[in-house]
Each structure stands twice: as C-alpha cells, then as structure tokens.
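Visitor: Just dropping this structure here.
The values are calculated or read from the model by the stated rules, or taken from the named source; none is laboratory data. Since this is a predicted model, take the numbers as computed values, not measurements. No Cβ is skipped: glycine too gets one built from the backbone with ideal geometry, and neighbour counts run over all protein chains shown. Quick note on the areas: whole protein, heavy atoms, side chains included, nothing else; ligands and nucleic acids left out. Shrake-Rupley method; radii C 1.70, N 1.55, O 1.52, S 1.80 Å.
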Amino acid sequence: MATATSKATGPWSRLSAAEAAVNRAVAGSCVGTYFKLDARKSSFTKELRAGAATFLTMAYIISVNAAVLTDSGGPCTARDCTPVVATANNSTATTPPGPECTVVRANPGYEQCLARTKSDLIVATAVAAMAGSFAMGVFANLPLALAPGMGANAYFAYNMVGFHGSGPIGYRTALAVVMLEGVVFFALSAVGLRSRLARMIPRNIRLASAVGIGLFLAFTGLQAHQGVGLVGASPSTLVTLTACSDVDPATGACLSGTMRSPTFWLGAVGFLITATCLARDVKGSMIYGIVFVTVVSWIRGTAVTVFPDTAAGNAGFDYFKKVVDFHMIRTTAGRVSFAGFRHGNAWLALLTLLYVDVLDTTGTMYSMAEYGGFVVDGAGAGGGSFEGEYRAFLVDAGSTVLSAGLGSSTVTTYLESTAGIREGGRTGLTAITVAALFLASLFFGPLLMSVPPWAVGPSLVLVGAMMMRVARDIEWGDMKEGVPAFVTMALMPLSFSIANGIIAGLGVYVALHWYDWARHGYAKVSNALDERRNQVAAAAGGEVGPATAQDVV
C-alpha cells in the first residue's frame, strides 16, 4: 500500500518541488524584488494562475466590444455600398447607392466594409487590452487588467456615432472625442483631481448611472442587431416580443413566426449556461455560454449556422477555416479628426464620456484595490488611497488615448480582475500575464470574427444583470434622492441614450435640492451677519464702558 501511494504521489511531489524551486528562484531575482513577491506574500506561479483566471473571465470583451463598435459602422459610409443594378426593357441601369444603403437593406459592399471593420476592431480591442494591462503591471505593480469598457462602448456606438453612422457625430470625430477625453483624464490624474472629481457627483446619481448603463446593455443584448432578438419594434407599442422566424432586416420588426427564431432559442441556451456558471461561481463563467453557442453556430447546413449558403456565408467560412491568421489594422487606426468640434454635440459627448469614465474607472479601481487589500490611509473605496494609485490612474488614462488611436472606445479597469485577485494575484505579474494572453489572441482572428450576435447578446444581458447590484444602495426612502436616481436609470434604456439619463437625473436632482441649498445658504449668511453684528456690538460696548467710568471720576 505504501509503495502504491508513493508511486501515485511521486510525480505530484516532484512537480510541487519543481514549482517551489521556480518560485524561490524568481522571488530571489530582480524580478521578484521589483514586483515585491515576498512582501505581498505571493509567488510567481500563483501570479500566472491568477492572470489566466482574469483573462478567462474577460476574454469575451474581444468579440463583444468589436461587435458593439461595428454597429456604429466605423469608417464605412454609403460610398462603400455596391451600386444598385436594375434591368428593365432589356436594358441595364446602374444607380449610385444612396444613404439608405447603410440601414434599409443589407448591401454587399457595405457588409464587406463592416466585416473589415470588425476584424480591425478585434485587433484594436486586444492590443488596447494588452498594452493597458502590461503598463498597469509594470508601472503600477497592481493585479488589475484593463480593456475597452462596456457602457462606454455602447454610448460610443449607439449614441455618439449611432447605428451605422445615423447619430449626430461621425466616427472620426467620435474617436477624437475619446482621445481628447483620455488627455483630459490624464491631466486630471496628473494633478490629483481625479478622485476629488468623482466625489463631487451625488452618490445616488453615481449608483443610478451604473444601474442605467446595465439596463442599457441588457436592452441592447435583447435586440436583433446585437443580441438574441427577443424584442423588436412595434407600430403600436414601440417595443414588443419578437424572436421571430422572419423579421424586417432594417427595423427588426416581426413579420411572422413569433418566438420561433432558432437562433434565439440557441442564444437562450447559452444564457442559461452562463447564468448557471455565474450562480455556481465557476471561473471564466462569461466565456462558456459564448463558446457553446458559437461552436454550434459554426456547423453548416443548420438553421442556426453563422455560415449560410450565400456569397457572404461562403466567404466567411473560407476565412474561418484559416483558424490562425494575424490581421493588421487597415481602416480604423489613425482615423481621428478634430474638425467636428465646431458643433456642440462633440463637447456634450466629451463631458458625458468624462463623467462615465470618472464613475466607472475610478470607482472600479478603488473597489479592486480594497478587495485586494491595497488601500491605505483611509477607510476603503472612496475614502483612502491605495498603493500605486497615482501611476495606475495615469496608465488607464494613457491607455484610452492609445485605444482611440486604434479606433476603439475608452479603456477601463475590469471588475473581472477580482477573479485573479481571488486566485491569489497580488502583484503586477498578474496583469502582465493577462497582457501576454491578449497578445496570443491576436493570432486567432478567424475564430473571433465568427462569433455570432446571438452568442454575444446573452453576455450583454448578464453584464447588465451584474450591474444591478448597486441599486440596493440607493436611498429610495428619500424622494429627493430616489426620484433623480430613478429618472437617471429609466431614461438611459428608454431614450436609448446614456447622456440623456445623466443630464435628466442631474437636472431633477438640482430642481429638488435648490430650495434646501438656498435655505442653507441663507442660514449661513444670516448667522455670519448676526455673529458680525454681535462682534461689533461687543466692541462698541467695550469702548463706551471705560470712557464713562473716567468721566465719572
């Protein structure tokens, strides 16, 4: 029995001994000293495992962010559309494409441009995440991973640029807004105003903004263009239940077969897989549902295939079969243009992005620092600073500037970093491991390009669900706090605008509080005047008293 046990445990013992030897060697090297492995009670292999755990939980952002931003149309315009060819009376006429070719119907030329844009944005997302995470690890020595953020990308795609360029700001101007916002954010971080700015915003509005963005993301994931297609347009009720077997490609309105869409039911299965994994706290939960739905959708000849027997489907399948392919960014990088700043929409978008970034990135970073035990000089998130704070703020602001240059939206610190911290990650080696895995993902473009929207939609809904948790902290019992919070979170999905929700919430907050502020200000001024009058009276009384006594003498 003893012999059998020793044989069974022998290889594991040797592996453990080898791991311990590697950890000792790295801890005693300049690398271990720089990253403070011993001081933070960590080890090299533990940091590697932590980085892998963090990457698995946030790898979905590569395909999801690219899909969301592609909905904006990117640099594609009506000029990329294929001309319309019509035959009548034995004669052929070619009609130049109009603006409607980008929205009303699927145009082959425009669809090809969107495919190129999505390929570019997959690379842009991975590179931005890789560079941001690497810089966070090297310069700030924190186990925090960065990538283009959910919420900000939705605002960029659906509010700033609009679906297929139908919004008030062009794609190139929107990138300039993101870049300028990153520069402003960098300056605020450099002079130490960033955390103070975050605290100036009313707490309940901050919480409601997170909830509203979550509802916005969930609503997006339920629609047809970027989700499972459960809801769509209705001429009588604006929005209704769809998941139809036949829909209008332009509006998403149901034409026939409500709740009979095969891709919806496949997406629903993916939703249940991911939700079950989240409920059981399985590492990498967000990726499993996406992987299942995507693999099933790769099977040709089915009702749910992402490669139908069409020209576009065949071209997509030919590219998919490469599996490994390194794609160079061709259309989205360097598209920044500041010419559109002559209009007020660009400045409004800048302020909104700055607001969202202050709330999202700063709040998340404080939360992660508190969770990892890095907070010092205070009581935690929002109260004290944390080790490496100054450099961490500079890193994520600089990463946003890089992301805009590549064609993507703002970069933020990811809550999924908790997965790595939970695995024992305590140093920047965790973030560097995440960066290395994002680098590896750059070589699998054909696979990432073939992720269908009904695989991505469930993850948007579940990200929205996870953002609901802060709603319990809103002071619903105080109507002066609860009503502005409700307006903020309700208008974001209902007006399909994050900016509208924020502006309306702040406006209602000011309207409900101005009387209290005015009364408080009046009371302060009145008390100050009374105190001044008392001081004058006391001084006057002191002068008269001695003089009167001298006269009497």
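Visitor: I'd like the residue in the range 25-40 that is in a loop (DSSP other than H, G, I, E, B) and free of Cβ contacts under 8 Å to residues at least 40 places away in the same chain and, out of all such residues, is farthest from L142 (Cα to Cα).
Guide: For the range 25-40, the residue satisfying everything is S29.
Visitor: Among the residues in the range 490-508, are any open to solvent by 60 Å² or more (accessible area, probe 1.4 Å), part of a helix (DSSP H, G or I), at pLDDT below 85 and within 30 Å of T220 (Cα to Cα)?
Guide: yes
Visitor: Inside the range 36-52, can you point out the residues that are more than 13 Å from F438 (Cα to Cα) and open to solvent by less than 20 Å² (accessible area, probe 1.4 Å)?
Guide: Of everything in the range 36-52, those that are more than 13 Å from F438 (Cα to Cα) and open to solvent by less than 20 Å² (accessible area, probe 1.4 Å) turn out to be L37, S42, E47, A50.
Visitor: What helices (runs of 4 or more DSSP H) completely inside the range 330-418 contain at least 2 residues that are modelled with pLDDT under 75?
Guide: 363-372
Visitor: Does G257 qualify as being in contact with a Cys (Cβ under 7 Å, 6 or more places away or on another chain) and among the small types (G, A, S)?
Guide: yes
Visitor: Still on this structure, please answer the following. Considering the range 455-473 alone, what residues qualify as being open to solvent by 10 Å² or more (accessible area, probe 1.4 Å), within 18 Å of T488 (Cβ to Cβ) and in contact with a helix residue (DSSP H, G or I) (Cβ under 7 Å, 6 or more places away or on another chain)?
Guide: Passing the criteria: M467, M468, V470, A471, D473.
Visitor: Another question, then. Among the hydrophobic types (A, V, I, L, M, F, W, C) and under 27 Å from the mean Cα position of the chain (by Cα): does that describe V247?
Guide: No, not satisfied.
Visitor: Here is a further query. Give just the number: which of (1) under 25 Å from S72 (Cα atoms); (2) not in a loop (DSSP other than H, G, I, E, B) does Y288 not satisfy?
Guide: All conditions pass for Y288, except number (1).
Visitor: Give just the number: which of (1) open to solvent by less than 20 Å² (accessible area, probe 1.4 Å); (2) closer than 30 Å to A27 by Cβ; (3) at pLDDT below 90 does R422 not satisfy?
Guide: (1)
Visitor: With the requirement that a residue be among the charged types (D, E, K, R) and assigned to a loop (DSSP other than H, G, I, E, B), what does the range 302-328 give you?
Guide: Within the range 302-328, D309, K321, K322 qualify.
Visitor: Based on what the data block shows, is S236 surrounded by fewer than 23 Cβ atoms within 10 Å (Cβ to Cβ) and not aromatic (F, W, Y)?
Guide: yes
Visitor: Find all pairs meeting these conditions: Cβ atoms under 6 angstrom apart; at least six residues apart or on different chains; first residue within the range 434-453 and farther than 19 Å from R116 by Cβ and of a type in the set (V, I, T); second residue modelled with pLDDT under 85 and part of a helix (DSSP H, G or I).
Guide: Close Cβ pairs satisfying both conditions: V434/T54.
Yes/no matrix, rows are residues, columns are (1) farther than 22 Å from Y171 by Cβ; (2) open to solvent by 30 Å² or more (accessible area, probe 1.4 Å); (3) acidic (D, E):
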| residue | (1), (2), (3) |
| --- | --- |
| V295 | yes, yes, no |
| V304 | yes, no, no |
| L353 | no, no, no |
| D357 | no, no, yes |
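Visitor: In the range 425-446, which residues are in a helix (DSSP H, G or I) and either farther than 14 Å from A129 by Cα or open to solvent by less than 10 Å² (accessible area, probe 1.4 Å) (or both)?
Guide: Matches in the range 425-446: G428, L429, T430, A431, V434, A435, F438, G445, P446.
Visitor: Here are the criteria: (1) open to solvent by 30 Å² or more (accessible area, probe 1.4 Å); (2) in a helix (DSSP H, G or I); (3) aliphatic (A, V, I, L, M). Tell me which single one I299 does not satisfy.
Guide: (2)
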